[in-house]
Amino acid sequence: MTRKISRRSFVRTAGAAGAGVWIAGRQQGYGQEKSPNAKVAMGCIGVGGRGAGNVDGVKGETIVALCDPDEQRLQEQAKKYPNAKTYVDYRKMLEECKEIQAVTVATPDHHHAPAAAMAVKQGIHCYVEKPMTHSIYEARVLTELAAKHKVHTQMGNQGHSSGSRRRLVEFLQQGGIGKVTEVHAWTNRPIWPQAIDRPAKAMDAPAHLHWDIWLGPAPERPYHKAYAPFAWRGWWDFGTGALGDMACHIMDAAFWGLDLKYPTAVEAEGAPLHPESGPAWMTVKLDFPARGEKPALKYVWYDGKKKNDEGKETPNMPPAELARGIKLNNNGNVIVGDKGTVVVLDEQTGNWKAVIDGKTLDKSELKIEKTLPDSPGHHEEWIRAIKGGPRALGEWSYSGPFTETVLIGIVAFRANKGKLAWDGQNMKAPGCPEADPFIKREYRKGWTL
(Lines give C-alpha, C1' and ligand atoms only; values in the text may rest on other atoms or scores of the structure.)
Protein backbone atom coordinates (compact mmCIF):
# COMPACT_ATOMS: atom_id res chain seq x y z
CA MET A 1 0.00 0.00 0.00
CA THR A 2 1.34 3.44 -0.97
CA ARG A 3 2.14 5.60 2.02
CA LYS A 4 2.05 9.39 2.07
CA ILE A 5 4.99 10.97 3.83
CA SER A 6 5.07 14.31 5.58
CA ARG A 7 6.86 17.34 4.24
CA ARG A 8 8.88 17.35 7.44
CA SER A 9 10.28 13.88 6.73
CA PHE A 10 11.25 14.94 3.18
CA VAL A 11 13.09 17.99 4.45
CA ARG A 12 14.69 16.11 7.34
CA THR A 13 16.28 13.60 4.95
CA ALA A 14 17.75 16.32 2.72
CA GLY A 15 21.38 15.57 2.05
CA ALA A 16 21.07 11.88 2.86
CA ALA A 17 22.31 9.41 0.30
CA GLY A 18 19.51 7.86 -1.74
CA ALA A 19 19.40 5.17 -4.38
CA GLY A 20 19.98 6.55 -7.85
CA VAL A 21 21.42 9.87 -6.64
CA TRP A 22 23.55 11.40 -9.37
CA ILE A 23 26.64 13.34 -8.29
CA ALA A 24 28.28 15.40 -11.04
CA GLY A 25 30.48 18.19 -9.80
CA ARG A 26 27.93 19.45 -7.32
CA GLN A 27 26.47 18.59 -3.93
CA GLN A 28 24.87 15.20 -3.48
CA GLY A 29 21.16 14.97 -4.25
CA TYR A 30 18.62 15.04 -1.47
CA GLY A 31 16.97 12.21 0.39
CA GLN A 32 14.65 9.49 -0.79
CA GLU A 33 11.67 7.91 0.95
CA LYS A 34 12.23 4.25 1.77
CA SER A 35 9.46 3.18 -0.59
CA PRO A 36 10.37 4.15 -4.18
CA ASN A 37 6.65 4.13 -4.96
CA ALA A 38 5.75 6.73 -2.33
CA LYS A 39 3.54 9.48 -3.69
CA VAL A 40 4.47 13.15 -3.44
CA ALA A 41 1.70 15.36 -2.01
CA MET A 42 1.18 18.00 -4.70
CA GLY A 43 -0.37 21.44 -4.59
CA CYS A 44 -1.18 23.09 -7.93
CA ILE A 45 -1.25 26.90 -8.19
CA GLY A 46 -3.03 27.93 -11.37
CA VAL A 47 -5.12 25.10 -12.82
CA GLY A 48 -6.49 26.46 -16.10
CA GLY A 49 -4.74 26.80 -19.45
CA ARG A 50 -1.11 25.77 -19.06
CA GLY A 51 -1.88 25.07 -15.41
CA ALA A 52 -4.26 22.30 -16.44
CA GLY A 53 -1.35 20.71 -18.31
CA ASN A 54 0.72 20.81 -15.14
CA VAL A 55 -2.06 19.22 -13.09
CA ASP A 56 -2.16 16.46 -15.67
CA GLY A 57 1.65 16.21 -15.61
CA VAL A 58 1.70 15.39 -11.88
CA LYS A 59 -1.51 13.35 -11.68
CA GLY A 60 0.46 10.21 -10.89
CA GLU A 61 1.26 11.73 -7.48
CA THR A 62 -1.29 12.66 -4.80
CA ILE A 63 -2.89 16.02 -5.54
CA VAL A 64 -3.87 17.42 -2.17
CA ALA A 65 -4.59 21.06 -3.03
CA LEU A 66 -5.75 23.12 -6.01
CA CYS A 67 -5.64 26.90 -6.26
CA ASP A 68 -6.96 29.41 -8.80
CA PRO A 69 -8.67 32.81 -8.43
CA ASP A 70 -11.00 31.78 -11.26
CA GLU A 71 -13.54 29.55 -9.54
CA GLN A 72 -14.85 28.11 -12.79
CA ARG A 73 -11.42 26.72 -13.63
CA LEU A 74 -10.92 25.66 -10.04
CA GLN A 75 -14.15 23.67 -9.89
CA GLU A 76 -13.48 21.98 -13.24
CA GLN A 77 -10.29 20.50 -11.78
CA ALA A 78 -11.87 19.82 -8.39
CA LYS A 79 -14.33 17.45 -10.08
CA LYS A 80 -11.37 15.33 -11.18
CA TYR A 81 -9.69 15.44 -7.75
CA PRO A 82 -12.53 15.49 -5.20
CA ASN A 83 -10.20 14.81 -2.28
CA ALA A 84 -8.09 17.90 -2.96
CA LYS A 85 -8.64 21.04 -0.90
CA THR A 86 -9.49 24.10 -3.00
CA TYR A 87 -8.30 27.69 -2.60
CA VAL A 88 -8.55 30.94 -4.53
CA ASP A 89 -5.47 32.47 -2.85
CA TYR A 90 -2.16 30.58 -2.80
CA ARG A 91 -1.01 32.50 0.26
CA LYS A 92 -3.81 30.89 2.24
CA MET A 93 -3.17 27.50 0.63
CA LEU A 94 0.50 27.53 1.59
CA GLU A 95 -0.28 28.72 5.12
CA GLU A 96 -3.03 26.18 5.82
CA CYS A 97 -2.37 23.04 3.80
CA LYS A 98 0.53 21.48 5.66
CA GLU A 99 0.45 18.22 3.68
CA ILE A 100 1.92 19.85 0.58
CA GLN A 101 5.42 18.64 -0.30
CA ALA A 102 5.70 20.09 -3.81
CA VAL A 103 3.88 22.67 -5.92
CA THR A 104 3.43 23.57 -9.56
CA VAL A 105 3.03 27.25 -10.40
CA ALA A 106 1.30 28.14 -13.67
CA THR A 107 -0.07 31.63 -13.15
CA PRO A 108 0.42 34.82 -15.16
CA ASP A 109 4.09 35.82 -15.01
CA HIS A 110 3.69 38.45 -12.27
CA HIS A 111 2.65 35.78 -9.72
CA HIS A 112 5.44 33.28 -10.43
CA ALA A 113 8.00 34.60 -7.96
CA PRO A 114 5.72 35.46 -4.99
CA ALA A 115 4.09 32.03 -5.10
CA ALA A 116 7.33 30.12 -5.62
CA ALA A 117 9.26 32.05 -2.96
CA MET A 118 6.59 31.43 -0.34
CA ALA A 119 6.63 27.72 -1.12
CA VAL A 120 10.40 27.32 -1.14
CA LYS A 121 10.79 29.13 2.18
CA GLN A 122 8.65 26.35 3.68
CA GLY A 123 10.87 23.64 2.20
CA ILE A 124 8.39 22.82 -0.57
CA HIS A 125 9.80 21.63 -3.90
CA CYS A 126 8.72 23.84 -6.77
CA TYR A 127 8.01 23.68 -10.51
CA VAL A 128 7.36 27.06 -12.19
CA GLU A 129 6.26 27.68 -15.75
CA LYS A 130 8.42 29.75 -18.05
CA PRO A 131 9.51 32.47 -17.85
CA MET A 132 10.61 31.57 -14.37
CA THR A 133 9.88 35.11 -13.16
CA HIS A 134 8.57 38.51 -14.20
CA SER A 135 11.81 40.34 -13.37
CA ILE A 136 15.55 39.76 -13.20
CA TYR A 137 15.69 40.42 -9.46
CA GLU A 138 13.00 37.81 -8.82
CA ALA A 139 14.95 35.19 -10.80
CA ARG A 140 18.04 35.82 -8.68
CA VAL A 141 16.05 35.59 -5.44
CA LEU A 142 14.41 32.29 -6.41
CA THR A 143 17.74 30.78 -7.47
CA GLU A 144 19.31 31.69 -4.14
CA LEU A 145 16.29 30.51 -2.12
CA ALA A 146 16.32 27.10 -3.82
CA ALA A 147 19.99 26.63 -2.95
CA LYS A 148 19.47 27.80 0.63
CA HIS A 149 16.47 25.57 1.34
CA LYS A 150 17.78 22.58 -0.62
CA VAL A 151 14.59 21.99 -2.57
CA HIS A 152 14.22 20.44 -6.00
CA THR A 153 13.08 22.78 -8.73
CA GLN A 154 12.23 22.92 -12.42
CA MET A 155 11.28 25.58 -14.96
CA GLY A 156 8.55 24.65 -17.41
CA ASN A 157 10.41 24.84 -20.71
CA GLN A 158 9.47 21.34 -21.76
CA GLY A 159 11.91 21.12 -24.67
CA HIS A 160 14.79 21.13 -22.18
CA SER A 161 13.89 17.51 -21.43
CA SER A 162 13.49 16.37 -25.03
CA GLY A 163 15.96 13.94 -26.57
CA SER A 164 16.32 16.11 -29.68
CA ARG A 165 17.29 19.17 -27.61
CA ARG A 166 19.81 17.20 -25.59
CA ARG A 167 21.43 15.76 -28.74
CA LEU A 168 21.80 19.29 -30.11
CA VAL A 169 23.37 20.46 -26.86
CA GLU A 170 25.85 17.56 -26.99
CA PHE A 171 26.64 18.35 -30.65
CA LEU A 172 27.43 21.96 -29.77
CA GLN A 173 29.44 21.01 -26.69
CA GLN A 174 31.51 18.60 -28.79
CA GLY A 175 32.37 21.28 -31.35
CA GLY A 176 30.20 19.84 -34.11
CA ILE A 177 30.21 23.14 -36.01
CA GLY A 178 33.46 24.45 -34.59
CA LYS A 179 33.72 27.77 -32.77
CA VAL A 180 30.35 29.53 -32.65
CA THR A 181 30.37 33.31 -32.96
CA GLU A 182 26.72 34.13 -33.65
CA VAL A 183 23.27 32.80 -32.89
CA HIS A 184 19.92 34.00 -34.24
CA ALA A 185 16.60 33.03 -32.65
CA TRP A 186 13.07 34.11 -33.54
CA THR A 187 9.34 33.63 -33.06
CA ASN A 188 6.23 34.71 -34.92
CA ARG A 189 4.64 35.79 -31.64
CA PRO A 190 2.97 37.88 -30.23
CA ILE A 191 -0.32 36.27 -31.20
CA TRP A 192 -2.17 38.40 -28.64
CA PRO A 193 -2.77 42.19 -28.64
CA GLN A 194 0.26 44.38 -27.90
CA ALA A 195 1.28 47.99 -28.56
CA ILE A 196 -2.09 49.19 -27.23
CA ASP A 197 -3.37 51.57 -24.58
CA ARG A 198 -5.10 50.58 -21.39
CA PRO A 199 -8.85 50.26 -21.97
CA ALA A 200 -10.57 53.57 -21.23
CA LYS A 201 -13.63 52.00 -19.62
CA ALA A 202 -13.70 49.48 -16.81
CA MET A 203 -15.81 46.34 -16.80
CA ASP A 204 -17.39 44.41 -13.97
CA ALA A 205 -15.29 41.37 -13.16
CA PRO A 206 -17.10 38.04 -13.69
CA ALA A 207 -18.65 36.70 -10.50
CA HIS A 208 -16.40 33.63 -10.63
CA LEU A 209 -13.15 35.67 -10.81
CA HIS A 210 -11.51 37.06 -7.67
CA TRP A 211 -10.02 40.07 -9.46
CA ASP A 212 -8.08 41.55 -6.55
CA ILE A 213 -6.31 38.23 -6.01
CA TRP A 214 -5.67 37.86 -9.76
CA LEU A 215 -4.00 41.29 -9.71
CA GLY A 216 -1.83 40.17 -6.82
CA PRO A 217 1.45 42.12 -6.63
CA ALA A 218 0.68 44.21 -9.74
CA PRO A 219 -0.51 47.83 -9.41
CA GLU A 220 -4.24 48.14 -8.85
CA ARG A 221 -6.45 48.67 -11.90
CA PRO A 222 -10.08 47.88 -12.75
CA TYR A 223 -10.93 44.62 -14.45
CA HIS A 224 -11.25 44.37 -18.22
CA LYS A 225 -11.50 41.33 -20.48
CA ALA A 226 -8.44 42.70 -22.31
CA TYR A 227 -6.33 41.36 -19.41
CA ALA A 228 -7.81 38.02 -18.39
CA PRO A 229 -8.01 35.17 -18.91
CA PHE A 230 -5.72 35.08 -21.98
CA ALA A 231 -4.29 38.38 -23.20
CA TRP A 232 -2.34 39.28 -20.05
CA ARG A 233 0.99 38.39 -21.72
CA GLY A 234 1.01 41.62 -23.71
CA TRP A 235 0.67 43.91 -20.65
CA TRP A 236 3.90 44.82 -18.86
CA ASP A 237 2.28 44.71 -15.41
CA PHE A 238 1.36 41.04 -15.88
CA GLY A 239 3.44 39.49 -18.66
CA THR A 240 6.75 39.69 -20.49
CA GLY A 241 5.59 39.82 -24.09
CA ALA A 242 6.77 37.56 -26.88
CA LEU A 243 10.34 37.52 -25.57
CA GLY A 244 9.35 36.24 -22.14
CA ASP A 245 6.85 33.79 -23.57
CA MET A 246 9.02 32.07 -26.16
CA ALA A 247 12.72 32.78 -25.57
CA CYS A 248 12.93 30.36 -22.63
CA HIS A 249 12.07 27.69 -25.19
CA ILE A 250 13.87 28.91 -28.29
CA MET A 251 17.11 30.31 -26.81
CA ASP A 252 17.66 27.30 -24.55
CA ALA A 253 19.74 24.98 -26.76
CA ALA A 254 22.43 27.54 -27.57
CA PHE A 255 22.48 29.00 -24.05
CA TRP A 256 23.03 25.50 -22.65
CA GLY A 257 25.24 24.03 -25.34
CA LEU A 258 27.57 27.03 -25.63
CA ASP A 259 28.02 27.54 -21.88
CA LEU A 260 26.54 31.04 -21.82
CA LYS A 261 25.63 32.98 -18.70
CA TYR A 262 25.46 36.77 -18.44
CA PRO A 263 25.93 39.04 -21.47
CA THR A 264 28.20 42.07 -21.10
CA ALA A 265 26.05 44.36 -23.26
CA VAL A 266 22.51 44.44 -24.64
CA GLU A 267 20.73 46.52 -27.23
CA ALA A 268 17.00 46.35 -27.98
CA GLU A 269 14.87 48.06 -30.58
CA GLY A 270 11.21 47.71 -31.45
CA ALA A 271 8.01 49.60 -32.13
CA PRO A 272 6.22 51.17 -30.59
CA LEU A 273 7.77 51.88 -27.19
CA HIS A 274 4.70 51.86 -24.99
CA PRO A 275 4.38 52.27 -21.19
CA GLU A 276 1.52 49.77 -20.86
CA SER A 277 2.12 46.96 -23.33
CA GLY A 278 4.80 45.22 -25.35
CA PRO A 279 5.79 46.23 -28.89
CA ALA A 280 4.48 44.84 -32.18
CA TRP A 281 8.04 43.69 -32.89
CA MET A 282 11.35 43.65 -31.09
CA THR A 283 14.96 42.79 -31.89
CA VAL A 284 17.44 42.19 -29.06
CA LYS A 285 21.22 41.94 -29.51
CA LEU A 286 23.23 40.35 -26.70
CA ASP A 287 27.04 40.40 -26.49
CA PHE A 288 28.57 37.44 -24.62
CA PRO A 289 32.24 37.32 -23.63
CA ALA A 290 34.69 34.56 -24.49
CA ARG A 291 34.39 31.46 -22.27
CA GLY A 292 37.74 29.64 -22.05
CA GLU A 293 38.52 28.55 -25.60
CA LYS A 294 35.03 29.55 -26.79
CA PRO A 295 35.09 32.92 -28.59
CA ALA A 296 32.97 35.97 -27.87
CA LEU A 297 29.48 35.58 -29.30
CA LYS A 298 26.62 37.75 -30.52
CA TYR A 299 23.11 36.43 -29.87
CA VAL A 300 20.22 38.12 -31.73
CA TRP A 301 16.53 37.66 -30.90
CA TYR A 302 13.68 38.61 -33.27
CA ASP A 303 9.92 38.62 -32.66
CA GLY A 304 6.70 39.97 -34.12
CA LYS A 305 6.05 41.63 -37.46
CA LYS A 306 7.40 44.83 -38.98
CA LYS A 307 5.78 47.07 -41.57
CA ASN A 308 7.76 47.55 -44.77
CA ASP A 309 7.84 50.75 -46.87
CA GLU A 310 4.50 49.81 -48.46
CA GLY A 311 2.87 49.34 -45.05
CA LYS A 312 2.71 45.56 -45.38
CA GLU A 313 3.50 43.48 -42.29
CA THR A 314 6.42 41.07 -42.67
CA PRO A 315 7.90 38.66 -40.09
CA ASN A 316 10.81 40.02 -38.09
CA MET A 317 13.36 37.27 -38.76
CA PRO A 318 17.08 36.79 -39.41
CA PRO A 319 18.43 37.07 -42.98
CA ALA A 320 17.41 33.95 -44.93
CA GLU A 321 20.92 33.41 -46.28
CA LEU A 322 22.16 32.51 -42.80
CA ALA A 323 20.19 29.24 -43.05
CA ARG A 324 22.27 27.94 -46.00
CA GLY A 325 19.28 27.14 -48.20
CA ILE A 326 17.06 25.68 -45.46
CA LYS A 327 13.60 27.27 -45.31
CA LEU A 328 12.92 28.92 -41.96
CA ASN A 329 9.68 28.32 -40.07
CA ASN A 330 7.74 30.42 -37.54
CA ASN A 331 10.01 29.63 -34.58
CA GLY A 332 13.63 28.53 -34.60
CA ASN A 333 17.37 29.08 -34.38
CA VAL A 334 20.34 29.52 -36.65
CA ILE A 335 23.63 28.75 -34.91
CA VAL A 336 26.72 29.78 -36.91
CA GLY A 337 30.14 28.20 -36.35
CA ASP A 338 33.41 28.33 -38.25
CA LYS A 339 32.93 24.73 -39.45
CA GLY A 340 29.21 24.68 -40.14
CA THR A 341 25.72 25.89 -39.26
CA VAL A 342 22.85 24.38 -37.28
CA VAL A 343 19.28 25.28 -38.19
CA VAL A 344 16.50 24.44 -35.76
CA LEU A 345 13.49 24.01 -38.03
CA ASP A 346 10.71 23.66 -35.50
CA GLU A 347 10.89 24.56 -31.84
CA GLN A 348 7.87 22.41 -30.95
CA THR A 349 9.20 19.17 -32.45
CA GLY A 350 12.87 19.93 -31.85
CA ASN A 351 13.70 19.05 -35.46
CA TRP A 352 17.11 20.39 -36.48
CA LYS A 353 19.72 19.94 -39.20
CA ALA A 354 23.38 20.81 -39.68
CA VAL A 355 25.00 22.21 -42.82
CA ILE A 356 28.65 21.12 -43.00
CA ASP A 357 30.88 21.43 -46.10
CA GLY A 358 27.83 22.40 -48.12
CA LYS A 359 25.91 19.26 -47.17
CA THR A 360 22.65 19.34 -45.21
CA LEU A 361 22.66 16.55 -42.64
CA ASP A 362 19.95 15.27 -40.34
CA LYS A 363 20.97 14.73 -36.71
CA SER A 364 20.79 10.96 -37.29
CA GLU A 365 23.65 11.33 -39.81
CA LEU A 366 25.97 13.09 -37.35
CA LYS A 367 28.44 11.60 -34.92
CA ILE A 368 27.29 12.71 -31.48
CA GLU A 369 28.63 11.20 -28.28
CA LYS A 370 25.82 10.81 -25.79
CA THR A 371 26.83 12.56 -22.58
CA LEU A 372 23.49 13.79 -21.24
CA PRO A 373 20.96 11.40 -19.70
CA ASP A 374 17.61 10.85 -21.36
CA SER A 375 14.70 12.37 -19.49
CA PRO A 376 11.80 10.27 -18.18
CA GLY A 377 9.57 13.26 -19.02
CA HIS A 378 9.66 16.89 -17.99
CA HIS A 379 7.48 16.68 -14.87
CA GLU A 380 8.70 13.19 -14.05
CA GLU A 381 12.33 14.35 -14.10
CA TRP A 382 11.51 16.84 -11.34
CA ILE A 383 9.42 14.33 -9.37
CA ARG A 384 12.17 11.71 -9.65
CA ALA A 385 14.64 14.23 -8.20
CA ILE A 386 12.32 14.88 -5.25
CA LYS A 387 12.27 11.15 -4.54
CA GLY A 388 16.06 10.96 -4.43
CA GLY A 389 16.94 10.38 -8.07
CA PRO A 390 19.16 12.44 -10.38
CA ARG A 391 18.69 16.19 -10.31
CA ALA A 392 16.46 17.78 -12.95
CA LEU A 393 18.63 19.41 -15.60
CA GLY A 394 16.20 22.34 -15.78
CA GLU A 395 16.51 23.18 -12.10
CA TRP A 396 16.79 26.84 -11.11
CA SER A 397 20.59 26.83 -10.82
CA TYR A 398 20.44 26.73 -14.63
CA SER A 399 17.03 28.29 -15.34
CA GLY A 400 17.55 31.30 -13.06
CA PRO A 401 20.57 32.78 -14.89
CA PHE A 402 18.95 31.82 -18.19
CA THR A 403 15.76 33.71 -17.27
CA GLU A 404 17.81 36.73 -16.22
CA THR A 405 19.46 36.77 -19.64
CA VAL A 406 16.13 36.51 -21.44
CA LEU A 407 14.58 39.34 -19.45
CA ILE A 408 17.50 41.76 -19.90
CA GLY A 409 16.15 42.40 -23.40
CA ILE A 410 12.96 43.83 -21.90
CA VAL A 411 14.97 46.01 -19.51
CA ALA A 412 17.00 47.45 -22.39
CA PHE A 413 13.92 48.06 -24.52
CA ARG A 414 11.92 49.78 -21.80
CA ALA A 415 14.87 51.86 -20.55
CA ASN A 416 15.17 53.17 -24.15
CA LYS A 417 18.79 54.28 -23.81
CA GLY A 418 20.38 52.48 -26.73
CA LYS A 419 23.11 49.92 -26.08
CA LEU A 420 23.52 49.15 -22.38
CA ALA A 421 26.53 47.73 -20.59
CA TRP A 422 25.36 44.90 -18.32
CA ASP A 423 26.88 43.78 -15.01
CA GLY A 424 25.06 40.49 -14.63
CA GLN A 425 26.65 39.52 -11.34
CA ASN A 426 25.33 42.68 -9.68
CA MET A 427 22.16 42.99 -11.80
CA LYS A 428 23.06 46.53 -12.88
CA ALA A 429 23.17 48.53 -16.11
CA PRO A 430 26.09 50.86 -15.22
CA GLY A 431 25.35 54.48 -16.02
CA CYS A 432 21.66 53.82 -16.71
CA PRO A 433 19.50 54.36 -13.61
CA GLU A 434 16.49 54.36 -15.95
CA ALA A 435 16.85 50.58 -16.10
CA ASP A 436 16.47 50.04 -12.35
CA PRO A 437 12.62 49.95 -12.15
CA PHE A 438 12.57 47.23 -14.80
CA ILE A 439 15.19 45.09 -13.06
CA LYS A 440 13.35 45.06 -9.74
CA ARG A 441 9.68 46.00 -9.51
CA GLU A 442 7.63 47.20 -6.58
CA TYR A 443 4.86 44.99 -5.18
CA ARG A 444 1.39 46.11 -4.18
CA LYS A 445 0.74 46.14 -0.43
CA GLY A 446 -0.06 42.65 0.90
CA TRP A 447 2.26 40.85 -1.51
CA THR A 448 5.89 39.99 -0.85
CA LEU A 449 8.73 38.02 -2.36
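Some points to look at:
Here is a yes/no grid of residues against (1) over 22 Å from Asp287 (Cβ atoms); (2) not β-branched (Val, Ile, Thr):
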| residue | (1), (2) |
| --- | --- |
| Tyr127 | yes, yes |
| Lys150 | yes, yes |
| Thr153 | yes, no |
| Ser162 | yes, yes |
| Glu170 | yes, yes |
| Gln174 | yes, yes |
| Val183 | no, no |
| Arg189 | yes, yes |
| Pro193 | yes, yes |
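- Residue check, Thr187 within 20 Å of Thr403 (Cβ to Cβ) and either among the basic types (Lys, Arg) or modelled with pLDDT of 95 or more (or both): yes
- Of all residues assigned to segment 374-385, at least one qualifies as being assigned to a loop (DSSP other than H, G, I, E, B), crowded, with 20+ Cβ neighbours inside 10 Å and at pLDDT 95 or above.
- A single entry from Ala280, Ala265 fulfils the requirement of being more than 17 Å from Leu172 (Cβ to Cβ), surrounded by fewer than 24 Cβ atoms within 10 Å (Cβ to Cβ), of a type in the set (Gly, Ala, Ser) and in contact with a Gly (Cβ under 8 Å, 6 or more places away or on another chain): Ala280.
- Candidate set: segment 221-236, residues that are out of contact with any strand residue (DSSP E or B) (no Cβ under 9 Å at 6 or more places or on another chain) and at pLDDT 95 or above; chosen: the one nearest to Thr403 (Cα to Cα): Arg233
Let's see how each residue does on (1) over 16 Å from the mean Cα position of the chain (by Cα); (2) under 28 Å from Trp301 (Cβ atoms); (3) not hydrophobic (A, V, I, L, M, F, W, C):
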{"site": "Thr360", "(1), (2), (3)": "yes, yes, yes"}
{"site": "Lys363", "(1), (2), (3)": "yes, yes, yes"}
{"site": "Lys367", "(1), (2), (3)": "yes, no, yes"}
{"site": "His378", "(1), (2), (3)": "no, yes, yes"}
{"site": "Thr405", "(1), (2), (3)": "no, yes, yes"}
{"site": "Gly409", "(1), (2), (3)": "no, yes, yes"}
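- The residues of segment 89-111 that are buried (at least 18 other Cβ atoms within 10 Å of the Cβ), farther than 21 Å from Ala38 by Cα and in contact with a helix residue (DSSP H, G or I) (Cβ under 7 Å, 6 or more places away or on another chain), listed by number, are Tyr90, Leu94, Val105, Ala106, Thr107, Pro108, Asp109.
- Per the conditions (1) part of a helix (DSSP H, G or I); (2) crowded, with 24+ Cβ neighbours inside 10 Å; (3) not aliphatic (A, V, I, L, M), the sole criterion not satisfied by His134 is (1).
- Number of positions in segment 112-144 that are in contact with a Pro (Cβ under 9 Å, 6 or more places away or on another chain), under 19 Å from Gly446 (Cα atoms) and charged (D, E, K, R): 1
- None of Val105, Val64 is under 30 Å from Gly424 (Cβ atoms) and not assigned by TED's automatic domain parsing to the domain that holds Leu243 except Val105.
- Residue match in segment 337-349 (condition: acidic (Asp, Glu), free of Cβ contacts under 8 Å to residues at least 24 places away in the same chain and either in contact with a Gly (Cβ under 8 Å, 6 or more places away or on another chain) or closer than 16 Å to Gly176 by Cα (or both)): yes
- Any chance Asn308 is in contact with a Ser or Thr (Cβ under 6 Å, 6 or more places away or on another chain) and of a type outside the set (A, V, I, L, M, F, W, C): yes
- Remark: pairs (first residue in segment 303-320, in the same structural domain as Pro279 (by TED's automatic domain parsing); second residue assigned to a loop (DSSP other than H, G, I, E, B) and among the aliphatic types (A, V, I, L, M); Cβ separation under 8 Å; 6+ apart in sequence or on different chains) = Gly304/Ala280; Lys305/Ala280; Lys306/Ala280; Met317/Leu328; Pro318/Leu328; Ala320/Leu328.
- Every pair of residues 6+ apart whose Cβ atoms lie under 9 Å, when the first sits in segment 263-276 and is polar (S, T, N, Q) while the second is surrounded by 15 or more Cβ atoms within 10 Å (Cβ to Cβ) and not in a loop (DSSP other than H, G, I, E, B): Thr264/Leu286; Thr264/Asp287; Thr264/Phe288
- The selection criterion, being at pLDDT 95 or above, closer than 22 Å to Arg165 by Cα and touching a His at 6+ places or on another chain (Cβ under 9 Å), does not hold for Ser397.
- The condition of being farther than 30 Å from Lys440 by Cβ and modelled with pLDDT of 95 or more does not hold for Val105.
- Among residues that are assigned to a helix (DSSP H, G or I), touching a strand residue (DSSP E or B) at 6+ places or on another chain (Cβ under 9 Å) and touching a residue at least 60 places away in the same chain (Cβ under 8 Å), Arg167 is included.
- Val11 vs. criteria modelled with pLDDT under 95 and within 17 Å of Arg384 (Cα to Cα): yes
The values are calculated or read from the model by the stated rules, or taken from the named source; none is laboratory data. It should be emphasised that the depicted structure is a prediction, and the values quoted were computed from it without experimental measurement. Note that we place each Cβ from the backbone using ideal geometry, even for glycine, and neighbour counts take in every protein chain shown.
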